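To keep things clear, I will list the structure first and then write my remarks on it.
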Amino acid sequence: MTLNEIDKSKVSPMMQHYLSVKEEYKDCILFYRLGDFYEMFFDDAVEVSRALELTLTGRSCGLEEKAPMCGIPFHAYETYMTKLVEKGYKVAICEQLEDPDEAKGIVKRGVIRVVTPGTVTSISDMDSSVNSYIMSIFYSSYPFGVSICDVTTGEFFVTEIRDPQSLKDEIMRFAPKEIICNEAFFMSGIDVEELRSALHIQVNSLPGRYFDEDASVRTLTSHFRVSHVEGLGLNDMPQGLISSGALIIYLLETQKNDLSNIISVRILSENGCMLIDSSTRRNLELTATLREKEKRGSLIWILDKTKTAMGARKLRQFMEQPLIDKVKIEERLDAVEELCSRIADRDEIREYLNTVYDIERLMGRVAFKTANPRDLVALRSSLSMLDPIKTLASSFDSKLMKRLADEIDPLEDMYRLILDSICDEPPVSIHEGGIIREGYSKEADEYRKAKTEGREWLMQLESKTRDRTGIKNLRVKFNKVFGYYFEVTNSYLSLVPEDFIRKQTLTGGERYTTSELKEMEDKILNSEERLTSLEKELFISVRDTLSDNISRLQDTAGAIAYIDVLCSLSYVAERNSFVRPRINKKGIIDIKKGRHPVVERMLKEGAFIANDVYLDTDNDRISIITGPNMAGKSTYMRLTALIALMAHMGSFVPCESADICIIDRIFTRVGASDDLASGQSTFMVEMTEVANILRNATKNSLLILDEIGRGTSTYDGLAIAWAVVEYISDKKKCGAKALFATHYHELTELEGMVDGTKNYCFAVKEAGDDVVFLRKVVRGGADRSYGIHVASLAGVPDVVIKRAQEIAGELAGSDITGRVGEMARASKRHVPDDLDINQMSLFDMNHDSDVITELKGLNLDMMTPMDAMNTLYNLHRKAMKED
């Protein structure tokens, strides 16, 4: 039976209320509190029982058929709720708003919170090292307005993004669990279905009222307590303002609290950090490996030796947003260097950090009023470490460490409040009592005394009554239905006195009470109930006091996280023999004996072969790297990018020495894979990434390009690779520094003909039919790829290997390289003007020329690849003469 088929006039009053609430939250699973359970009915019950594999039962509700029902214990609801949210559901929590014992008629209930994928706050059910973001996107025209929030930590970012590709990169960087947007966003050029299916992001469009500019201004100024949006830095960001206003409105409506942990707005600027697109983040394996998608084997696996969850998240932010301000980078490096020089003090700080819990997310739960007594005990334990950490950090000389030490508020008053009020081992629930420490509240102590003495009274009464009646096994017992009672077995029923009042008959005996026992019961039970109620009130008061001081706690948590990251970077540098990089503004990358930080850890100690890298803005802008398969070209290029990125993070780097220039962007084009979901081939994916690189790279960018053009025919691929090298080398068009690995050995002819290009190759040692890869970079170009040798190592049948060697010999005799060299020299002589490359026509020539006439007469179907190359060569010579 569906909700639409229900005659609401025939159902019970409780079910009528359920249906009215469900009508308001149609898009949610409704957790409806009944006693000790959250119940779900009708469609929700069927859906949840299937999703969580719960037993589906039924409940009488006034209809002919029972209402489908399933339920979960209220004390464990967060676990079930999180599982539902992870599956893409939204959950509305309908709670009892009054004590059922005091209610007249139906207990008053109402929705206290709507939980969505981007608003889960349960610490135990989320990855503590990763932020849980919700993103708001507003689109009417470019740029996009984008706001990002982690409700568990209170972080709130706003930016404007110029185009769909850049927005996709930001989505990949923040990896939000949920995106809210306006209807127009679905027509912005972003593939929303890809976000949902490939990235597993829940994308929901909201009504236009959320994206109203006036409403956004009112909401933002009210929430952040400023008179004008200028106070938030949003006056020049109209799209960003609307997206941030929509996000705050959405959070206020779903979380139904004042969002007191979201206290400031941080403006994200493209000029503030190195930009790393989604392809580069994936190819460099910054946070997960390419194949297994696991942390082990990634850069963060090497660098993350943080002791706190806050530090782990901060380190990830360092990695995904490297600095490009030389002063700030040097500040971090100074701090890491000093920590390396004072190992004992650093390790002592790390010991203190080891007992610090996730203060940011604990305060998020405090703000959302979901923090339980054990959360506060964890917070107290963390606060106890602040003073020793501050004292040690203050003893350092580096500017950054001193500044961070100053930002740490020891919070003695908050520590003392929790210590005095909350006992050491409280229950999880605030409804069970046993929360408040003795001595904190006089009234609570009085109730507690009555409860404690009541047990002594009962023991005394039991002993006295046993002596008076002669019933040797008489016991005082308790249950929730009958309260306290005397239990007498059948063998002693003849001794029961007249003042005993029967309460219940059992198979083996009888239960009785007396006026004295009844009087004592009232005192004890009332004191227990009043104590439990009072302890709940006192706990909430303590929690509210913490909430009032949330900004102090957040600032301190931020400083602690930062110190944790610096200690981690220092620890990693010491353990792995990393060195401090020099930072320059001269456009030079000079790495001596560079090592790949991850690969060297995977090998035996000393097995990794270190290599040098040199790039500058003049004669060494592009390194064309050739060499055998499996020689280490990809590793070499990746280590260059990783060392540059680590230096910009403020980390020491794996090499003998490094001088790294400020880099605005790192681009990578590595590997090949089909994007079958969107119908794109290997080559299309490759060319799309190359196009993005060529459009956005600047003279301050670092490009890592591996085997450009391999996804198509040999000659098309060679032509594209050649043209890309020429484009990058042109300072007017690009001028970036690039490492360009290729198996097109013909491209080595470009050294000396294309400005700023140098050849490098990986050395090999041949001994008869055997080849040894030395994995050492040397000047010059390689003339072989040894692909057949690699095929043999891989186990390709000998008959195939032998035939491949025969064919390779025949092809080698055609001397393609020499012809390409002549074409390169001819290309050098013929320099095009500055026409926009996009407007140049393939046939910008006399249409009556001999070249056009010959082209039209060619029978391409009858030509071999070698014939095609020869014909192309002859046509090129004729075209040069005609020109």
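The values are calculated or read from the model by the stated rules, or taken from the named source; none is laboratory data. These numbers come from a predicted model, not from an experiment. Note that each Cβ is placed from the backbone with ideal geometry, even for glycine, and that neighbours are counted across all protein chains shown. SASA here: full protein model, heavy atoms, side chains in, ligands and nucleic acids out. Shrake-Rupley method; radii C 1.70, N 1.55, O 1.52, S 1.80 Å.
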Among the residues that make up region 76-84, is at least one of them open to solvent by less than 60 Å² (accessible area, probe 1.4 Å), touching a Lys or Arg at 6+ places or on another chain (Cβ under 8 Å) and more than 29 Å from residue 206 (Cα to Cα)?
no
Determine which member of the set 107, 146 is part of a loop (DSSP other than H, G, I, E, B) and aliphatic (A, V, I, L, M).
107
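Listed here are the residues, each with its yes/no results for (1) touching a helix residue (DSSP H, G or I) at 6+ places or on another chain (Cβ under 6 Å); (2) open to solvent by 40 Å² or more (accessible area, probe 1.4 Å); (3) among the basic types (Lys, Arg).
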| site | (1), (2), (3) |
| --- | --- |
| 133 | yes, no, no |
| 152 | yes, no, no |
| 184 | no, no, no |
| 193 | no, yes, no |
| 221 | no, no, no |
Among 251, 259, which is part of a loop (DSSP other than H, G, I, E, B), within 24 Å of residue 554 (Cα to Cα) and in contact (Cβ under 8 Å) with a residue 60 or more places away in the chain?
259
Pairs under 6 Å by beta carbon, first residue crowded, with 18+ Cβ neighbours inside 10 Å in region 682-697, partner acidic (Asp, Glu) and not in a helix (DSSP H, G or I), six or more apart or different chains?
685/675
Give, as residue ranges, the helices (runs of 4 or more DSSP H) completely inside region 326-368 that count at least 2 residues that are within 30 Å of residue 700 (Cβ to Cβ).
326-341
Being in a helix (DSSP H, G or I) and either aliphatic (A, V, I, L, M) or open to solvent by less than 20 Å² (accessible area, probe 1.4 Å) (or both) narrows it down to one of 289, 280, so name that one.
280
Quick check on my filter: what residues within region 507-540 are touching a residue at least 12 places away in the same chain (Cβ under 8 Å) and in a loop (DSSP other than H, G, I, E, B)?
508, 514
Selection count, region 563-583, where residues are over 17 Å from residue 642 (Cα atoms) and open to solvent by 10 Å² or more (accessible area, probe 1.4 Å)
3
Can we say residue 313 is open to solvent by less than 30 Å² (accessible area, probe 1.4 Å), basic (Lys, Arg) and either within 21 Å of residue 360 (Cα to Cα) or in a helix (DSSP H, G or I) (or both)?
yes
Among what's in region 421-460 and is basic (Lys, Arg) and not in a loop (DSSP other than H, G, I, E, B), pick the residue that is most open to solvent (accessible area, probe 1.4 Å).
442
Qualifying positions in region 319-334 - open to solvent by 10 Å² or more (accessible area, probe 1.4 Å) and closer than 22 Å to residue 278 by Cβ:
320, 321, 323, 324
Report yes if some residue within region 705-715 is at pLDDT 85 or above and in a helix (DSSP H, G or I); otherwise report no.
no
Which of the residues spanning region 395-415 are open to solvent by 50 Å² or more (accessible area, probe 1.4 Å), over 19 Å from residue 551 (Cβ atoms) and either in a helix (DSSP H, G or I) or at pLDDT below 95 (or both)?
399, 402
Suppose we keep only residues that are open to solvent by less than 40 Å² (accessible area, probe 1.4 Å) and among the charged types (D, E, K, R) within region 513-545. Which one would you say is farthest from residue 434 (Cα to Cα)?
521
Counted residues, region 574-585 - those being in contact with a helix residue (DSSP H, G or I) (Cβ under 6 Å, 6 or more places away or on another chain) and under 21 Å from residue 316 (Cα atoms):
3
Please state which of the following conditions residue 341 fails to meet, knowing it meets all the rest: (1) modelled with pLDDT under 95; (2) out of contact with any Leu (no Cβ under 7 Å at 6 or more places or on another chain); (3) open to solvent by 60 Å² or more (accessible area, probe 1.4 Å).
(1)
Of the criteria (1) on the phi < 0 side of the Ramachandran plot; (2) open to solvent by less than 60 Å² (accessible area, probe 1.4 Å), which one residue 470 fails:
(1)
Residue list for region 250-267, filter: closer than 17 Å to residue 146 by Cβ, open to solvent by less than 20 Å² (accessible area, probe 1.4 Å) and in contact with a helix residue (DSSP H, G or I) (Cβ under 9 Å, 6 or more places away or on another chain):
250, 262
Please count how many residues of region 91-107 are farther than 22 Å from residue 45 by Cα and touching a Leu at 6+ places or on another chain (Cβ under 6 Å).
0
